[in-house]
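A short worksheet on the structure shown next.
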Amino acid sequence: MGSLEIRSGSALIPVNGALQRRVLVTLLLDAGRVVPVSRLVTAGWDELPPDSAEHQVRKTVAKLRSRIPRGPEIIVTDGPGYRAVVRTEHLDLLRHQQLMRQARQSLDAGQTERAAAELREALALWRGPVLSGSGGQLIDAASTALEEQRISAAEQLYDLRIDAGEAAEITGELRGLVDEHPLRETLRSRLMLALYHSGQQAAALDEFARVRKHLADELGIDPSAQLAGLHDRMLRQDPSLVRPARPVTRVTHPVTEAPHTLPFDVPDFSGRRSELERVCEVARRAPKGAPAVIALDGMGGSGKTALAVRAAHQLVEQYPDGSLFIDLHGFTPGQEPLSAFHAQGDLLAAASIPSEEMPTASAGRAARWQSYMRGRCMVLILDNAASSEQVRALIPASSDSLVLITSRPRLTGLDGVEWLSVGALPEQDSDQLLRATLGAERVEREPDAASELVRLCGGLPLAVRIASARLANRPHWTVQRLVERLRDHNRRLDELTSEGRGVAGALLLSYQSMPRDQQSAFRLLGHHPGRYLDTHEAAALLDTDVLTAEDVLEELVDARLLEAREPGGYALHDLVRSFVQRIAQGSREPGDEPAMRRLLDHYLGMTKHACDVVFPGRRRIKDDGEHQVDATFDHKEKALQWLDQHRGSLLAAVDAAHDGGLLWHAARLPRELGFHSSIRGYDSSANVALEKGVSASRQLKDRSLTRLNLMNLAMGKWRLGQLREAVGLLEEAVGLSRQMADEYSEAECQARLGQAYSSMGELEHALRLSQEVSRRAQELGFTRLDGSSLSMLGLILTRLGRFEEAMESAERAVAIFDSIDEVQLSVTALSYLSQAFEGLGRYEEALARADSALERCQQIGMPAALPLVLARRADVLVRLEALDEAADSADHALSKAASSTDDINRATVHLSAGLVRYAQGDLDTALAQQRLAHEIACRMELRYDEACALWHLARTAEAQGHLQMARQHRSAADSLFALMKVPQTAR
């Protein structure tokens, strides 16, 4: 019940690794019962277990047995799984359940004092969610159920304490719970009763008015009959509400003068395990006589106060002189930050120091505060601080106390302080918080929508809580409905507002607290199209140098409106990005468009330079102008890394340029994205940018840019298997090239047409085009295009059974690409060369070329080409009868193809997998793969792949004894091969 602790005597037994903890906790949650291995696998990996999961679970059990004293006696093998054998007094969960049973028995026997003591002892065992929220879905579900039991037990204890005459002592605690669970009417009724029995009848009636208004506003319903009945009885001062005298002694607590003013520790607190451990560690190693001071900083809504309160409650027993909490109102709407003078007065008053003992001069009051704290061992929370100056005079000078400070900016002006930045919650912890606040049942009803909801909230606890509250107050809403509303980037902040509190309000306070020049810089960053930015992008937007831009960004990091990543790299939280874009769009200024032009110029200069490094020998665009390059790339890896890091911003920049009327940039930038996508395989997104590029080019009436974008869009569609559309775009591009009498452009477009016709099975047409392009490329001195056309000739000639010519063409292509250091295209050429060698029966050479292609593919990172290269290697390995290795390569190809958007090669990958399974004698699996290949080939009009699939289906059907079906498939295959003029030797 909380973080996992195992003790043997006084020694703490460490359990290392998440899997060991999850397995052990799952066994302990069902102590005494058999837990199947399959359930332990689910606990260990949620929904994505590896193939070796069961083996890893058994190894983990063996490790646990060796680590835990008397482990083999505690974890026993039983049938299909394992069983934990633990005595009740040795496990907090069993002890908790025993005490709850005893409390019920005591209540049944009328022993209310004993029941209260048992409930109190049971609740004291609760230390938080099981595994502190890091247990995964299965354990989190059990934790949620236990937490519901805990709240029910607390309600029982409140009833007993009200009966025992302690109503006044529990109203504050009850009010905090009601605020966290506003729709739980059983809690609301107990708060009303506690107020009523503590002499606050008006407050009890007012509480009913509050809940009635809340239910009417949010749900359009009235309070339940039970709550309305209680209200009516209070109005009438019904005698039944009078508690009769009971023959029991009052539940007592130790009397102490120590103040205890910590706020309620919310039971649904989730995550923050590492942060809590850090606070405990700092407190543990604080030197004697000096306070341990920890300053927690983070953006508004990140849960700093909840973290500080949770840590304080966990540690308060170690500080016998009490606890104090104060809100310094650093970022409170409508209030000025509390001065140190007034804060000292409020703290002293909370410590029961009479007002006549408080000096009215600031120096005297500061001395009185330090005098009070001297020698005391307390927990002090200074919440919502605005600056270092505000809290400096509140830190005890000589004390063994723990001081927790929360603030939005980092208080760098404080010396001797441990800083702890509170960032966004990890997705798993956000999911746990949603389950705790909304209810596990509702989350599990729509798991996908719940996961998206958590992502849209960006790991911000305030956002998750508001989203959960809105759903809780609208039970007729599905989670998916709120998700759909949150998807609207322009409305997201409005949706994350409830009852006067919201993410936008929290961020606005931070923004308003900044100096005017900092506000202006922040607003300009709202024109940045992406979430991530670097100092060079900021310098372009702000029209300054890189070092000055870095200073501005670091100031925004200090204000917790920006997140620092790697050196020179920064990120805007999604909700902060929505906020700053709203500010930027709401107050247009003359400098906005020039700032956007500077950023787009920067992007174009950098992408051109990066793509020139990655794709050497590509053609330069006429009249393209010169663009400043703020950084240089001395090798392909750095250039690719820059393109990878900025891909999202570049795609968004095309949208912003097109929508903002900056048409030249919108027409020019997509070319670079098309090149990058040819390696990284994000054609669906890149094609959207290229379509914007075509639109912008047409509006500019720029035939050259229109031709360029049409050609690159065609290749993006070709990679997605949209062949007819690709051919149509390429034919239009050829027409524009001829209108401009641009031989280079015409040759480029015809080369792509040859590639498309080859995929469609029009091999002779493709052959003529590729031969013509090769001749013209050589005449024009267009080396890169010559290599591409020779590479394509290698494939076409192989398909036509002209293996010697194919080998010669592919070898020339590889030589050309190696001469200009063009790695990407050499991968394809090596694959085609491997096919030619296979056709010649030179299998070892075919494998060597396939291995070389694979090495280069992995070296540069080509997810789109990797499945095809792996499939090529599997085919050759089958020829060499290395079937196990072939199966590994084919399985790897299938796995990579499943995550790739490059559909043009998917049929080939399935054919390769079918070939391997056929060779292994697994005819059913072979047949399934061949049918998939046939379906894909037919859908995409890949005639050559369709014929190959039919040929393999015929062979498999024949091996299974389905001779008529085999004849039908072979006849269809022969007809297609004949149309394409593919000889028998090449089938």
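A few notes on this one:
- The distance from the alpha carbon centre of the stretch 849-872 to that of the stretch 565-643 is 30 Å, rounded to a whole number.
- Global form of the stretch 249-346, assessed from the alpha-carbon gyration tensor, a/c cut-off 1.5: rounded
- For Ile6, the residues whose amide H sits under 5 Å from its own are Ile13, ignoring neighbours fewer than 5 places away on the same chain, with H placed 1.01 Å from N.
- Based on alpha carbons, the Rg and Dmax found for the stretch 427-506 are 11.2, 32 Å.
- Sequence-separation-based contact order of the stretch 273-421, relative, with Cα cut under 8 Å and 6+ spacing, percent: 39
- Heavy-atom accessible area order for Asp265, Asp891, largest first, 1.4 Å probe: Asp891, Asp265
- The share of accessible area on the chain that comes from carbon and sulfur is 49 percent, using a 1.4 angstrom probe.
- Listed residues Trp718, Ser430, Leu963: farthest to the positive end of the dipole of the chain (Cβ charges): Leu963
- Angle between the chain longest axis and helix 703-719 axis [Cα atoms, degrees, rounded to 10]: 80
- J(HN,Hα) series, the stretch 673-681, from Karplus relation 6.51 cos²θ - 1.76 cosθ + 1.60, nearest Hz, glycine and proline x: 5, x, 5, 4, 5, 5, 9, 8, x
- Dimensions in Å of the stretch 497-628 - Rg and Dmax from alpha carbons: 16.9, 61
- Cα-based helix-to-principal-axis angle, 92-108 vs the chain, degrees rounded to 10: 50
- For the stretch 884-895, 3J(HN,Hα) per residue [Karplus equation, 6.51 cos²θ - 1.76 cosθ + 1.60, θ = phi - 60°, Hz, x = Gly/Pro]: 5, 5, 4, 5, 4, 5, 5, 5, 4, 4, 4, 4
- Environment charge at Leu402 (Cβ cut-off 15 Å; Lys +1, Arg +1, Asp -1, Glu -1): -2
- For the chain, the longest principal axis of the alpha carbon atoms and the long axis of helix 201-218 meet at an angle near 20°.
- Where trypsin sites (Lys or Arg not before Pro) fall in DSSP loop in the stretch 470-505, at most 14 other Cβ within 10 Å: Arg491
- Amide H contacts of Ala290: Ser399, each under 5 Å away and 5 or more positions distant or on a separate chain (H built 1.01 Å from N in the peptide plane; Pro and chain starts excluded).
- Backbone HN-Hα couplings from phi across the stretch 944-952 [Karplus 6.51/-1.76/1.60, Hz, Gly and Pro as x]: 5, 5, 5, 5, 4, 4, 5, 4, 5
- Directionally averaged projected area (convex hull, Cα atoms, the chain), nm²: 49.7
- Computed from the alpha carbon positions, the gyration tensor of the stretch 562-715 leads to an equivalent ellipsoid with semi-axes of 24, 21, 15 Å, biggest first.
- Under 5 Å, built H, 5+ apart or other chain: amide partners of Ser421: Asp297
- The stretch 690-758 and the stretch 906-928 have Cα centres lying 36 Å from one another.
- The chain: calculated mean residue ellipticity at 222 nm from DSSP helix runs of at least 4, using -39500 (n - 2.57): -20500 deg cm²/dmol
- Whole-number percent relative contact order across the stretch 1-144, with pairs defined as alpha carbons under 8 Å at least 6 apart: 32
- Relative contact order for the chain, counting Cα pairs under 8 Å that sit 6 or more residues apart, in percent: 6
- Shown here for the stretch 325-382: trypsin sites (Lys or Arg not before Pro) in loop regions (DSSP other than H, G, I, E, B) with at most 16 other Cβ atoms within 10 Å, namely Arg374.
- For the stretch 61-104, a/c is not less than 1.5, where a ≥ b ≥ c are the root eigenvalues of the C-alpha gyration tensor, and a/b tops b/c. That puts it in the prolate class.
- The stretch 1-63-the stretch 418-456 distance, computed between alpha-carbon centres (Å): 23
- Each Cα pair of the stretch 816-883 feeds into the Kirkwood radius, which the Stokes-Einstein equation turns, at 10 °C and 1.306 mPa s, into a diffusion coefficient of 135 µm²/s.
The values are calculated or read from the model by the stated rules, or taken from the named source; none is laboratory data. Small disclaimer: the values here were computed from a predicted structure and weren't measured. Note: ideal-geometry Cβ built from the backbone for every residue, glycine included; neighbour counts use all protein chains shown. For accessibility, only protein heavy atoms count, side chains too; no ligands or nucleic acids. Shrake-Rupley method; radii C 1.70, N 1.55, O 1.52, S 1.80 Å.
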